[in-house]
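The structure under discussion appears below in the form of structure tokens.
The values are calculated or read from the model by the stated rules, or taken from the named source; none is laboratory data. Keep in mind that this is a model prediction, so the values were computed, not measured. Note: ideal-geometry Cβ built from the backbone for every residue, glycine included; neighbour counts use all protein chains shown.
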Amino acid sequence: MKVEQYPDNPYLLLTPGPLSTTKSVKGAMLQDWCTWDDDYNRIVQQIREELVSLATVDPGYTAVLMQGSGTFGVESVITTAVPQDGKLLVLANGAYGHRMVKIAQRAGIPVSVYECGETEALDVDHLVDLLKQDPHITHVSVVHCETTTGMLNPISDIGAMVKCFDKVYIVDAMSSFGGIRMDMGEVRADFLISSANKCIQGVPGFSFVVARQTELNKIRGRARSLSLDLFDQWETMENHQGKWRFTSPTHVVRAFAQALEELKAEGGIEARSRRYHRNNRLLVGGMRKLGFRPLLLDSLQSPIITAFHSPLDSGYEFKQFYDLLKEKGFVIYPGKVTDQDTFRIGNIGDIHPADVTRLLEAVKSSMYWINPADA
């Protein structure tokens, strides 16, 4: 049987995940692993320990891995952590905050929403008013980096207020963990959720939750789902030294272990964050010179992904722009804002300033809607 030689990627993924990954991360998946094998389970345990060390210096936390995408992890936390007599308050300024609301509604969990609009910062004072008005709220959740727009929400300020009212605090750090320095102890988060294919720069296949041990101990028997039972998943990993309850994504786990090694080799989260910030500053500055306007104020913008207003020219069509950039080796993202025409460009993953410079050249040569006589 002929073994096919796979070519290099024809383009870079300028998205919020999946991301462009290194050859060594992809290469780590070439070996098969048994889910019952001690060598494999030791890798799982090491990953869990490293995730906690990346998340906080506080010893009172633990980590659990969950099959599926980041949304599976979010759903496992919401549907396991909130008790039958509890109520969730979601702070929503984008599609992923609203997804938390849908998760709660589908599970029959009482939920209220603080909706401040997709381009507006969350008002912590208004959060205080909401918590005063509704004593039934037991849990508060927020998305750290809302990739609908690239908004970075003030999770530390929110956490301080949430804990003033003695509520459980859930942070969706899907697109920020590993790329922006944070400490769960300082943020006051009880549950933090992220995914293998984001800033750690692994591949899709599992999500993970870093949880305050004292809160995790309270949630036995609360789950509204068998496969997404966060407590049972954690207890199995604890009692059986890294074993998953059901079939685990072994190749993805091994790729993630390699990605963690590469994060360490780069200089940790601080070094990776600096690279992402350099990418973002170069991108935004170059796009502005080409006439594109960012959707958000600079003070609200994360270094993860940037939304830009679509050109007002009647000849512009996103799909054509997308296809031209793809031919030149770059894949960007369509807009997700509900009331404005935008597109998005991410700068996380195995992306470096030289790649951003090449992208800007490709954008300039792909602006087909500009009349050369007017340029």
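If you go through segment 123-161 and pick out every residue that is crowded, with 19+ Cβ neighbours inside 10 Å and under 19 Å from the mean Cα position of the chain (by Cα), you end up with 17.
What pairs come out if I take residues in segment 339-356 that are within 17 Å of S273 (Cα to Cα) and in contact (Cβ under 8 Å) with a residue 12 or more places away in the chain and pair them with residues that are assigned to a loop (DSSP other than H, G, I, E, B) and of a type in the set (K, R) whose C-beta lies under 8 Å away, six or more apart or interchain? Correct list of pairs: I348/K198. Put simply, of L263, L230 the only residue that is surrounded by fewer than 22 Cβ atoms within 10 Å (Cβ to Cβ) and in contact (Cβ under 8 Å) with a residue 40 or more places away in the chain is L263. Scanning segment 123-151 for residues that are among the aliphatic types (A, V, I, L, M), assigned to a strand (DSSP E or B) and farther than 12 Å from M174 by Cα yields V140, M151. In segment 181-212, of all residues being assigned to a helix (DSSP H, G or I) and hydrophobic (A, V, I, L, M, F, W, C), the one that is surrounded by the fewest Cβ atoms within 10 Å (Cβ to Cβ) corresponds to V187. Candidates are the residues of segment 303-331 that are of a type in the set (A, V, I, L, M, F, W, C) and part of a loop (DSSP other than H, G, I, E, B); the one that is farthest from L14 (Cα to Cα) is L312.
Quick one: is M66 part of a strand (DSSP E or B) and either in contact with a helix residue (DSSP H, G or I) (Cβ under 9 Å, 6 or more places away or on another chain) or not assigned by TED's automatic domain parsing to the domain that holds V44 (or both)? If you could, list the steps in order and put the result at the bottom.
Values: part of a strand (DSSP E or B): yes; either in contact with a helix residue (DSSP H, G or I) (Cβ under 9 Å, 6 or more places away or on another chain) or not assigned by TED's automatic domain parsing to the domain that holds V44 (or both): yes.
Yes, satisfied.
Looking only at segment 332-357, count every residue that is part of a strand (DSSP E or B) and within 22 Å of A259 (Cα to Cα) and tell me the total.
Summing the residues that are part of a strand (DSSP E or B) and within 22 Å of A259 (Cα to Cα) in segment 332-357 gives 1.
Does A255 satisfy being within 21 Å of G202 (Cβ to Cβ) and surrounded by fewer than 17 Cβ atoms within 10 Å (Cβ to Cβ)? So A255 fails the test. Before we move on, is T21 surrounded by 19 or more Cβ atoms within 10 Å (Cβ to Cβ) and hydroxyl-bearing (S, T, Y)? It is true that T21 is surrounded by 19 or more Cβ atoms within 10 Å (Cβ to Cβ) and hydroxyl-bearing (S, T, Y).
This table checks each residue for (1) over 19 Å from the mean Cα position of the chain (by Cα); (2) modelled with pLDDT under 95; (3) not aliphatic (A, V, I, L, M).
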{"position": "L324", "(1), (2), (3)": "yes, no, no"}
{"position": "F330", "(1), (2), (3)": "yes, no, yes"}
{"position": "T342", "(1), (2), (3)": "yes, no, yes"}
{"position": "G346", "(1), (2), (3)": "no, no, yes"}
{"position": "R358", "(1), (2), (3)": "yes, no, yes"}
{"position": "S366", "(1), (2), (3)": "yes, no, yes"}
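With respect to the conditions (1) under 21 Å from M174 (Cα atoms); (2) over 20 Å from the mean Cα position of the chain (by Cα), S225 falls short on a single one, namely (1).
Residue-wise test of (1) assigned by TED's automatic domain parsing to the domain that holds A121; (2) without any contact (Cβ under 8 Å) to a residue 60 or more places away in the chain; (3) in contact with a Ser or Thr (Cβ under 8 Å, 6 or more places away or on another chain).
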| position | (1), (2), (3) |
| --- | --- |
| R281 | no, yes, no |
| R288 | no, yes, no |
| D298 | no, yes, no |
| Q301 | no, no, no |
| I305 | no, no, yes |
| P311 | no, yes, no |
| Y316 | no, yes, yes |
| Q320 | no, yes, no |
| D323 | no, yes, no |
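When you scan segment 52-68, do you find a residue that is charged (D, E, K, R) and crowded, with 19+ Cβ neighbours inside 10 Å, even just one? The answer is no; no qualifying residue exists.
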